[in-house]
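The values are calculated or read from the model by the stated rules, or taken from the named source; none is laboratory data. Because the structure is predicted, anything quoted here is derived from the model rather than measured. Here the Cβ is made from the backbone with ideal geometry for all residues, glycine too, and neighbour counts use every protein chain on show. Protein only, heavy atoms only, side chains kept; ligands, DNA and RNA dropped before computing areas. Shrake-Rupley method; radii C 1.70, N 1.55, O 1.52, S 1.80 Å.
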Amino acid sequence: MTNKQLVITPALMQATLNYPEANNFLNFLKAKCEPEKVNNAMSDYNIGTSTKWPGATIFWQLDLNKNVRTGKIAQYNKISGEIISTPRERVSWVHYAFKQYGYEAKECLYGEHLRLSRPYDPVGLVETEKSAIIAPLFKPEFVC
(Lines give C-alpha, C1' and ligand atoms only; values in the text may rest on other atoms or scores of the structure.)
Protein backbone atom coordinates (compact mmCIF):
# COMPACT_ATOMS: atom_id res chain seq x y z
CA MET A 1 0.00 0.00 0.00
CA THR A 2 1.39 3.40 -0.95
CA ASN A 3 1.28 6.41 1.30
CA LYS A 4 -0.31 9.05 -0.92
CA GLN A 5 0.03 12.69 0.00
CA LEU A 6 -3.34 14.25 0.84
CA VAL A 7 -2.30 17.90 0.94
CA ILE A 8 0.22 20.16 -0.75
CA THR A 9 2.65 22.00 1.51
CA PRO A 10 1.66 25.58 2.40
CA ALA A 11 5.21 26.68 1.52
CA LEU A 12 4.63 25.71 -2.11
CA MET A 13 1.44 27.78 -2.21
CA GLN A 14 3.11 30.74 -0.47
CA ALA A 15 5.95 30.79 -3.00
CA THR A 16 3.42 31.40 -5.82
CA LEU A 17 1.82 34.42 -4.13
CA ASN A 18 4.85 36.70 -4.58
CA TYR A 19 4.51 37.71 -8.25
CA PRO A 20 1.04 39.20 -8.84
CA GLU A 21 2.36 41.70 -11.39
CA ALA A 22 3.19 38.76 -13.70
CA ASN A 23 -0.32 37.26 -13.42
CA ASN A 24 -2.49 37.83 -16.53
CA PHE A 25 -5.77 37.21 -14.69
CA LEU A 26 -4.93 39.68 -11.91
CA ASN A 27 -3.81 42.26 -14.48
CA PHE A 28 -7.13 41.83 -16.29
CA LEU A 29 -9.03 42.36 -13.02
CA LYS A 30 -6.98 45.43 -12.09
CA ALA A 31 -7.84 47.00 -15.45
CA LYS A 32 -11.56 46.52 -14.72
CA CYS A 33 -11.87 47.01 -10.94
CA GLU A 34 -10.36 49.01 -8.13
CA PRO A 35 -6.85 47.64 -7.48
CA GLU A 36 -7.50 47.52 -3.72
CA LYS A 37 -10.49 45.22 -4.25
CA VAL A 38 -8.40 43.00 -6.51
CA ASN A 39 -5.59 42.88 -3.95
CA ASN A 40 -8.11 41.86 -1.27
CA ALA A 41 -9.49 39.11 -3.53
CA MET A 42 -5.94 37.95 -4.28
CA SER A 43 -5.27 37.68 -0.56
CA ASP A 44 -8.64 36.12 0.36
CA TYR A 45 -8.49 33.47 -2.36
CA ASN A 46 -4.70 32.95 -2.33
CA ILE A 47 -4.39 33.57 -6.05
CA GLY A 48 -0.98 32.41 -7.17
CA THR A 49 1.15 32.84 -10.27
CA SER A 50 2.59 29.87 -12.13
CA THR A 51 5.56 29.64 -14.45
CA LYS A 52 4.00 26.72 -16.34
CA TRP A 53 2.83 29.23 -18.97
CA PRO A 54 3.63 32.97 -19.09
CA GLY A 55 1.27 34.85 -16.76
CA ALA A 56 -0.62 31.72 -15.67
CA THR A 57 -2.81 31.77 -12.56
CA ILE A 58 -3.06 29.21 -9.77
CA PHE A 59 -6.41 28.87 -8.03
CA TRP A 60 -5.51 27.19 -4.74
CA GLN A 61 -8.12 25.00 -3.05
CA LEU A 62 -8.02 25.30 0.74
CA ASP A 63 -10.43 23.28 2.86
CA LEU A 64 -12.10 24.29 6.14
CA ASN A 65 -8.92 23.29 8.01
CA LYS A 66 -6.87 25.47 5.63
CA ASN A 67 -5.15 22.42 4.17
CA VAL A 68 -3.98 23.05 0.61
CA ARG A 69 -5.78 20.33 -1.33
CA THR A 70 -4.64 21.19 -4.85
CA GLY A 71 -4.26 24.08 -7.26
CA LYS A 72 -5.74 24.55 -10.69
CA ILE A 73 -3.44 26.30 -13.16
CA ALA A 74 -4.96 28.30 -16.02
CA GLN A 75 -3.59 30.82 -18.47
CA TYR A 76 -5.76 33.84 -19.25
CA ASN A 77 -5.55 36.58 -21.81
CA LYS A 78 -4.66 39.71 -19.81
CA ILE A 79 -6.80 41.97 -22.04
CA SER A 80 -10.00 39.93 -22.53
CA GLY A 81 -9.85 37.81 -19.38
CA GLU A 82 -10.67 34.74 -21.42
CA ILE A 83 -8.89 31.45 -20.93
CA ILE A 84 -6.31 30.82 -23.65
CA SER A 85 -7.46 27.88 -25.74
CA THR A 86 -5.27 27.95 -28.83
CA PRO A 87 -3.39 25.96 -29.85
CA ARG A 88 -4.85 24.02 -26.90
CA GLU A 89 -6.62 24.87 -23.68
CA ARG A 90 -4.14 26.02 -21.04
CA VAL A 91 -5.45 24.31 -17.90
CA SER A 92 -3.54 21.93 -15.63
CA TRP A 93 -3.06 21.01 -11.97
CA VAL A 94 -0.24 21.86 -9.58
CA HIS A 95 0.44 18.23 -8.69
CA TYR A 96 1.05 17.50 -12.39
CA ALA A 97 3.16 20.62 -12.97
CA PHE A 98 5.37 19.80 -9.97
CA LYS A 99 5.50 16.12 -10.98
CA GLN A 100 3.99 14.89 -7.73
CA TYR A 101 3.14 11.52 -9.22
CA GLY A 102 1.10 9.32 -6.96
CA TYR A 103 -0.54 12.38 -5.43
CA GLU A 104 -4.21 11.72 -4.95
CA ALA A 105 -6.07 15.01 -5.24
CA LYS A 106 -9.09 15.29 -3.00
CA GLU A 107 -10.77 18.47 -4.13
CA CYS A 108 -12.92 20.75 -2.00
CA LEU A 109 -15.13 23.68 -2.92
CA TYR A 110 -13.08 26.60 -4.19
CA GLY A 111 -13.19 29.34 -1.54
CA GLU A 112 -14.36 26.91 1.16
CA HIS A 113 -11.78 28.26 3.63
CA LEU A 114 -13.52 31.67 3.59
CA ARG A 115 -16.42 30.19 5.54
CA LEU A 116 -14.16 30.26 8.61
CA SER A 117 -13.93 34.06 8.64
CA ARG A 118 -17.40 34.71 7.20
CA PRO A 119 -19.65 31.95 8.57
CA TYR A 120 -22.92 33.91 8.38
CA ASP A 121 -22.52 35.53 4.98
CA PRO A 122 -24.64 34.18 2.12
CA VAL A 123 -22.89 31.72 -0.19
CA GLY A 124 -22.96 32.13 -3.94
CA LEU A 125 -22.40 28.95 -5.94
CA VAL A 126 -20.76 29.63 -9.28
CA GLU A 127 -19.33 27.50 -12.04
CA THR A 128 -15.67 28.54 -12.10
CA GLU A 129 -12.92 29.92 -9.92
CA LYS A 130 -12.87 33.02 -12.12
CA SER A 131 -16.54 33.67 -11.33
CA ALA A 132 -15.96 32.99 -7.62
CA ILE A 133 -13.43 35.81 -7.57
CA ILE A 134 -15.25 38.29 -9.81
CA ALA A 135 -18.72 38.02 -8.23
CA PRO A 136 -17.72 39.33 -4.76
CA LEU A 137 -15.93 42.28 -6.38
CA PHE A 138 -19.41 43.53 -7.30
CA LYS A 139 -21.48 41.82 -4.58
CA PRO A 140 -19.15 41.83 -1.55
CA GLU A 141 -21.82 40.50 0.81
CA PHE A 142 -21.46 37.07 -0.83
CA VAL A 143 -18.84 34.41 -0.34
CA CYS A 144 -18.42 32.39 -3.52
Projected label distance in nm at Leu116 and Glu21, using a 7 Å step from Cα toward the beta-carbon: 3.1 nm
Part-to-part distance (alpha-carbon centres) for region 27-54 and region 122-144, which is given in Å: 14 Å
Amide hydrogen neighbours beyond the local backbone of Thr57, cut-off 5 Å, H modeled: Ser50, Ala74, Gln75, Tyr76
Under 15 Å from Lys52, Cα to Cα: aspartates and glutamates that are on another chain or at least 8 residues apart: Glu89
Calculated FRET efficiency for the pair Ser131/Thr9, C-beta based, R₀ 35 Å, to 0.05: 0.80
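Using the per-residue mean of other Cβ atoms lying within 10 Å as a proxy for protection, in what order, highest first, do the peptides 53-61, 39-47, 121-129, 133-141 fall? Working shown, then result.
On the way: 53-61: 22.0, 39-47: 17.4, 121-129: 13.4, 133-141: 15.3.
Peptide ranking by packing, descending: 53-61, 39-47, 133-141, 121-129.
Measuring with a 1.4 Å probe in the full set of protein chains, what accessible area per residue, in whole Å², belongs to the chain?
59 Å²
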Rounded percent of accessible protein surface that carbon and sulfur make up, the chain, 1.4 Å probe: 54 percent
